[in-house]
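Chemist: Would you mind keeping the following structure in view while I ask a few things?
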Amino acid sequence: MEKVVISLGGSVVSSNAINMGFIKAFVTALEAMSSLTKCGIVVGGGSLARGYIEPLRSEGVNNYYLDRIGIKATRLNAELIVNLLNDVENVIPESIDEALMVWKNRKFVVMGGTIPGHTTDTVAMLLAEAYGIGEFINGTSVDGVYTEDPRTSKQSEKYERLTYTEALNLSLESYKNAGSNVFMDPISLLIARRANIKIHVIKGDLIENYENVLIKKKKTGTLIS
Ligand code: UTP
């Protein structure tokens with residue numbers, strides 16, 4: 001019996017266009033995993049969120065309202081997943097409590113953001129904590145946590161393992177504001193630390209990575225524990 005919460009980066013479901021090929025393969029793979037009994041999926045806002053946040057930031061709109069817009073984008077992206085799954089209530093819960101209710105008799109629950117002040121990583125971590133799930137996958141656009149952004153720095157090196165405190169310090173260095181581009185938001189790491197939830201940071205658009213973590217129990221990406 002396997003239980004997991006997946007924080008799926010918005011950039012994984014949609015970059016320039018909606019990544020329908022990946023979404024269909026992702027849904028099929030998770031549904032086919034019979035050992036997986038509970039799976040929470042929290043979807044990020046990606047370029048959809050940033051496309052709305054950045055122009056309004058330039059006009060001086062503050063982070064509270066930018067976060068509120070980001071949340072709407074995450075919920076729209078969540079619709080891409082929930083409409084293709086079978087064993088799920090076809091609603092996007094707006095709080096953790098609501099998510100727990102619609103998850104009760106289903107294998108899956110799919111949601112986006114909840115309130116301003118954090119990202120979907122924190123929503124996903126709170127969902128894991130509330131349900132008592134010790135395994136967490138962060139499916140992102142890179143294959144782990146690096147010393148520097150590997151897309152812009154050639155000297156960047158991947159961490160195989162990090163403690164919660166090391167990951168938290170790295171996250172705090174790059175976390176700034178709404179739409180911040182950081183591997184995981186700091187609040188999510190604080191929740192993981194207090195609840196002792198094991199985090200696998202993996203490249204989220206490779207289906208085999210989910211199988212490696214959940215079925216083959218193979219070390220994939222960066223492990224934070
Ligand atoms: P994401 O969770 O996608 O954040 O939410 P991110 O780190 O920018 O994105 P990815 O991982 O690249 O997809 C998008 C934005 O929505 C707001 C924040 O402003 C966040 O940056 N948000 C999201 C909230 O304020 N509360 C939430 O619960 C979720």
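Just so it is clear, none of the values below were taken in a lab; they were calculated from the coordinates. Predicted, not measured: the structure shown is a model, and the values here were computed from it. So basically every Cβ, Gly included, is an ideal-geometry build from the backbone, and we count neighbours across all protein chains shown.
Chemist: What is the sum of charges, Lys and Arg at +1 and Asp and Glu at -1, for the other residues whose Cβ falls under 15 Å from the Cβ of residue 26?
Modeler: Every neighbour counted, the sum reads -3.
Chemist: Still on this structure, please answer the following. Let me see the P(r) profile for region 73-131: every Cα-Cα distance counted, bins of 10 Å, each bin given as a percent of all pairs.
Modeler: Per 10 Å bin, starting at 0, the Cα pair percentages come out as 24, 59, 16, 0.
Chemist: Go ahead and set up a Gaussian network model of the chain, Cα springs under 10 Å, then flag whichever of 119, 28, 140 fluctuates most.
Modeler: Comparing 119, 28, 140 in the GNM, the peak value goes to 28.
Chemist: Taking the Cα centre of the chain as origin and charging only Cβ (+1 Lys, Arg; -1 Asp, Glu), how large is the dipole, in debye to the nearest 20?
Modeler: Computed charge dipole of the chain: roughly 320 debye.
Chemist: Most mobile of 132, 60, 144 per a Gaussian network model of the chain (Cα springs, under 10 Å)?
Modeler: 60
Chemist: Here's another thing I want to ask about it. How much mean residue ellipticity at 222 nm does the chain get from its helices, if each DSSP H run of length 4 or more adds -39500 (n - 2.57) and you divide by all residues, to the nearest 500 deg cm²/dmol?
Modeler: Estimated from H runs of four or more residues: -13500 deg cm²/dmol.
Chemist: Cross-link list 3/107; 38/217; 72/107; 107/203; 104/203: which exceed 21 angstrom alpha carbon to alpha carbon?
Modeler: Checking Cα-Cα distances, 72/107; 107/203; 104/203 exceed 21 Å.
Chemist: While we're on this one: Considering only DSSP beta bridges with both partners in the chain, what is the antiparallel share in %, to the nearest 5?
Modeler: Approximately 15 percent, going by the DSSP bridge assignments.
Chemist: Let me ask something else. Hey, in the GNM for the chain with a 10 angstrom Cα cutoff, which one of 152, 122, 163 fluctuates hardest?
Modeler: Greatest mean-square fluctuation among the candidates belongs to 152.
Chemist: From zero outward in steps of 5 Å, how is the percent of C-alpha pairs of the chain spread across the bins?
Modeler: 1, 7, 16, 21, 22, 18, 10, 4, 1, 0
Chemist: Using the C-alpha atoms of region 1-123, what convex hull volume per residue, in cubic angstrom, is computed?
Modeler: In region 1-123, the Cα hull volume divided by residue count equals 85 Å³.
Chemist: Two decimals, Cα atoms only, Kirkwood Rh: what is Rg/Rh over region 119-225?
Modeler: 0.94
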